[in-house]
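K.L.:
Here it is, the structure in full.
The values are calculated or read from the model by the stated rules, or taken from the named source; none is laboratory data. All of these numbers come straight from a predicted model, not from anything done at the bench. Glycine also receives a Cβ, built like all others from the backbone with ideal geometry; neighbour counts cover every protein chain displayed. Areas reflect the complete protein model, heavy atoms only, side chains present, ligands, DNA and RNA absent. Shrake-Rupley method; radii C 1.70, N 1.55, O 1.52, S 1.80 Å.
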Amino acid sequence: MAAEKLYDSIIIGAGPGGLQAAIYLGRYNRRVLLIDRGGGRTSHALHIENFLTQKKIPGREIISLGIEQARSFHVEIVKGTVTNIVKDQHFEVSAEEEKYPSRFVIVSSGATENLPPIENIHKFFGDSFFTCIDCDGYRTTGKKLVVVGNSLHTVHLALAMREMYTEDVTLMLYTMTVPTVYLEELEENGIRIAGGRPKRLVGDSRLEGIEMEDGGIVACEVVMSNFGYKLNDSFLNTLHLKKDSDNFKYATSRSFESSCDGLYIVGPLSGNDQAIIAAGEGALVAIELKKRLLEQ
Ligand SMILES: Cc1cc2nc3c(=O)[nH]c(=O)nc-3n(C[C@H](O)[C@H](O)[C@H](O)COP(=O)(O)OP(=O)(O)OC[C@H]3O[C@@H](n4cnc5c(N)ncnc54)[C@H](O)[C@@H]3O)c2cc1C
């Protein structure tokens, strides 16, 4: 079944990026549809403490307040998963058996963490098991920390955590061995290297350590995991958009327009993975669309 009306903009994803764009466009009295499947990364953030004016706010609350605010400016919000976008004269966005036409599209569908196969992660996720230095590095201050990963980047992360947050750092690499050029620096910084594979996070209400496959326990209060994330972008495949030099994120202009005219991409799909940055990018795109819609 085809939805009749032509939207000025369809926004994919009700995270900070999409909601901020929706609020701006709603306040330009534009016809805006926001499609969201729910359960994004922001809703997994137990407490966000680096968002201006919010000393400590659960990610879920940012989302629910943002949805309420966007609705108050007449933004239509539907629950659903976008599966495809095609462009002819206008964009046509497919979600849940519906096809929605629009002049512009803003993609703010975020990313999904790659988590290592360690039991009990979800019990401690966001509380003492972290995946992002910018989000939660501060919360490891002065604590007994394990940095777990499997790349050179993980070694750099352990050194950065030591410099900024805590003297008590253990580096745990899955299959990789630490390159010898780093051994001296790690030792100088008092960073321990744990061998073997982690199996399970242990502790009742508080994290107490990581049980290894050989049964040994590496004591810790917090874990910083470093396995990156995948982009929520499968619905963009048919557009064959340009990517960056690592062929991972999408290449965009300074106003976040992708290589497809009229399709904008914000948040971790094109750049940084921080709530306030995604929100700023959403605002910026909306201001750009204000101009382009007036020109049309
Ligand atoms: C545990 C944790 C703690 C964090 N702490 C902080 C912090 O302290 N400070 C900070 O700035 N940032 C923090 N972040 C990161 C922050 O949440 C992200 O930077 C932010 O989510 C990016 O916003 P976004 O709008 O791009 O994406 P998201 O918030 O991920 O929202 C994307 C939305 O799009 C939806 N979606 C995806 N695919 C589709 C599809 N095909 N169709 C429809 N909808 C779709 C998702 O379900 C989701 O609702 C944290 C993240 C996590 C996981």
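K.L.:
For the subset of region 48-84 comprising residues that are touching a residue at least 60 places away in the same chain (Cβ under 8 Å) and closer than 17 Å to residue 275 by Cβ, which member is most open to solvent (accessible area, probe 1.4 Å)?
P.N.:
By that ranking, first place goes to 52.
K.L.:
If residue 257 satisfies all but one of (1) within 16 Å of the ligand (Cβ to nearest atom); (2) within 14 Å of residue 108 (Cα to Cα), what's the number of the condition it fails?
P.N.:
For residue 257, the failing item is (1).
K.L.:
Residue 168: among the charged types (D, E, K, R) and within 19 Å of residue 137 (Cβ to Cβ), yes or no?
P.N.:
Working: among the charged types (D, E, K, R): yes; within 19 Å of residue 137 (Cβ to Cβ): yes.
So residue 168 passes the test.
K.L.:
From the set of residues in region 228-254 that are more than 14 Å from the ligand (Cβ to nearest atom) and open to solvent by less than 60 Å² (accessible area, probe 1.4 Å), which is farthest from residue 165 (Cα to Cα)?
P.N.:
So the residue we want is 241.
K.L.:
Quick one: which residue in 92, 96, 113 is without any contact (Cβ under 8 Å) to a residue 60 or more places away in the chain, within 13 Å of the ligand (Cβ to nearest atom) and within 30 Å of residue 63 (Cβ to Cβ)?
P.N.:
96
K.L.:
To continue, here is another question. In region 198-227, what residues are assigned to a loop (DSSP other than H, G, I, E, B) and either assigned by TED's automatic domain parsing to the domain that holds residue 265 or surrounded by 14 or more Cβ atoms within 10 Å (Cβ to Cβ) (or both)? Write out each step before concluding.
P.N.:
The first filter runs over region 198-227 and keeps only residues assigned to a loop (DSSP other than H, G, I, E, B), leaving 203-208, 213-216, 220-221, 227.
Those that are assigned to a loop (DSSP other than H, G, I, E, B) and either assigned by TED's automatic domain parsing to the domain that holds residue 265 or surrounded by 14 or more Cβ atoms within 10 Å (Cβ to Cβ) (or both): 203, 207, 208, 220, 221, 227.
K.L.:
Given 41, 30, which one is within 30 Å of residue 206 (Cα to Cα) and crowded, with 21+ Cβ neighbours inside 10 Å?
P.N.:
Of 41, 30, the one residue that is within 30 Å of residue 206 (Cα to Cα) and crowded, with 21+ Cβ neighbours inside 10 Å is 41.
K.L.:
Of the residues that sit in region 24-56 and are more than 6 Å from the ligand (Cβ to nearest atom) and in contact with a Gly (Cβ under 7 Å, 6 or more places away or on another chain), which one is nearest to residue 233 (Cα to Cα)?
P.N.:
Looking at residues that are more than 6 Å from the ligand (Cβ to nearest atom) and in contact with a Gly (Cβ under 7 Å, 6 or more places away or on another chain), I get 34.
K.L.:
Taking the condition open to solvent by less than 20 Å² (accessible area, probe 1.4 Å) and part of a helix (DSSP H, G or I), does residue 154 pass?
P.N.:
Working: open to solvent by less than 20 Å² (accessible area, probe 1.4 Å): yes; part of a helix (DSSP H, G or I): yes.
For residue 154, the condition - open to solvent by less than 20 Å² (accessible area, probe 1.4 Å) and part of a helix (DSSP H, G or I) - is met.
K.L.:
Another question, if that's okay. Hey, among the residues in region 83-120 that are among the β-branched types (Val, Ile, Thr) and in a strand (DSSP E or B), which one's nearest to residue 43 (Cα to Cα)?
P.N.:
Taking the candidates together, the pick is 112.
K.L.:
Among the residues that make up region 175-195, is at least one of them surrounded by 19 or more Cβ atoms within 10 Å (Cβ to Cβ), among the aliphatic types (A, V, I, L, M) and outside the structural domain of residue 129 (by TED's automatic domain parsing)? Break it down stepwise before answering.
P.N.:
Restricting attention to region 175-195, the residues satisfying the condition of being surrounded by 19 or more Cβ atoms within 10 Å (Cβ to Cβ) are 191.
Among the residues that remain, those that are also among the aliphatic types (A, V, I, L, M) are: 191.
Checking which are outside the structural domain of residue 129 (by TED's automatic domain parsing) leaves us with none.
The answer is no, given that none of the residues of region 175-195 is surrounded by 19 or more Cβ atoms within 10 Å (Cβ to Cβ), among the aliphatic types (A, V, I, L, M) and outside the structural domain of residue 129 (by TED's automatic domain parsing).
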